[in-house]
Amino acid sequence: MRHVAATVYAVTTRHDGLAAGILATAVNSLSFDPPSLLVCINRNASLHDPLLAEKVFAVNVLGLSNRDVADHFMNPEAPDRFSTGNWQDIAGVPVLTDAQSSFVCRLVHHHEFGTHSVFIGELIAAHHRENATPLTYFDRNYIDISAAPERSGQD
Ligand SMILES: Cc1cc2nc3c(=O)[nH]c(=O)nc-3n(C[C@H](O)[C@H](O)[C@H](O)COP(=O)(O)O)c2cc1C
């Protein structure tokens, strides 16, 4: 899957007062009615059990300008993942106010498969910032898709 370019998301929740969050690329829109999406989370990830218990989560679509948040989330030395970026609680869960987009969801279904759980969320709030370029992950690197050269016909 590393050869599949993917948008990078910060999936977050807050349970018992403690914020939890991980970077994820396994996120997809699901249905228009009701508005819903799905995220696939490793059952060993620190986010997994708090999300399952709280049943509310946020999917923050990271833009290029949120690269500092992505780096901070993946820094094992960082004691608090939420000390970088402007975070504000909406429906009790941390939302990155300057993300490209944020979707706050109520967990309506989850399904365990292998190492991961598929969480299905119904949208309860959404925020979008115009003119942001998504942070994209490809071949273990972050790339700027707006900087892609004109198509030459030799893909
Ligand atoms: C670009 C990128 C995409 C990732 N996508 C996912 C994902 O879709 N689902 C997932 O469970 N973990 C994903 N991870 C791994 C998690 O971000 C995290 O590192 C891992 O679950 C361990 O988290 P923890 O230290 O909070 O337990 C991804 C990591 C990176 C760098």
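Rule-based calculations on the coordinates, nothing more; no lab input. For clarity, every value in this text was computed on a predicted model and none was experimentally measured. Here the Cβ is made from the backbone with ideal geometry for all residues, glycine too, and neighbour counts use every protein chain on show.
Data table
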quantity	calculated
Neighbour net charge for residue 19 - beta-carbon separation under 9 angstrom, K R +1, D E -1	0
Debye, to nearest 20: dipole size of the stretch 1-141, +1 on Lys, Arg Cβ, -1 on Asp, Glu Cβ	220
Length-normalised contact order of the chain in % [C-alpha pairs under 8 Å, at least 6 apart]	27
Ranked 140, 14, 106, criterion: other C-beta atoms within 10 Å, fewest first	140, 106, 14
Rg in Å to one decimal, and Dmax rounded to a whole Å, for the stretch 3-155 via C-alpha atoms	15.5, 54
Helix-only mean residue ellipticity at 222 nm for the chain, each DSSP H run of n ≥ 4 adding -39500 (n - 2.57), per residue, nearest 500	-2500 deg cm²/dmol
5 angstrom amide H check on residue 133, placed H, neighbours 5+ away	64, 65
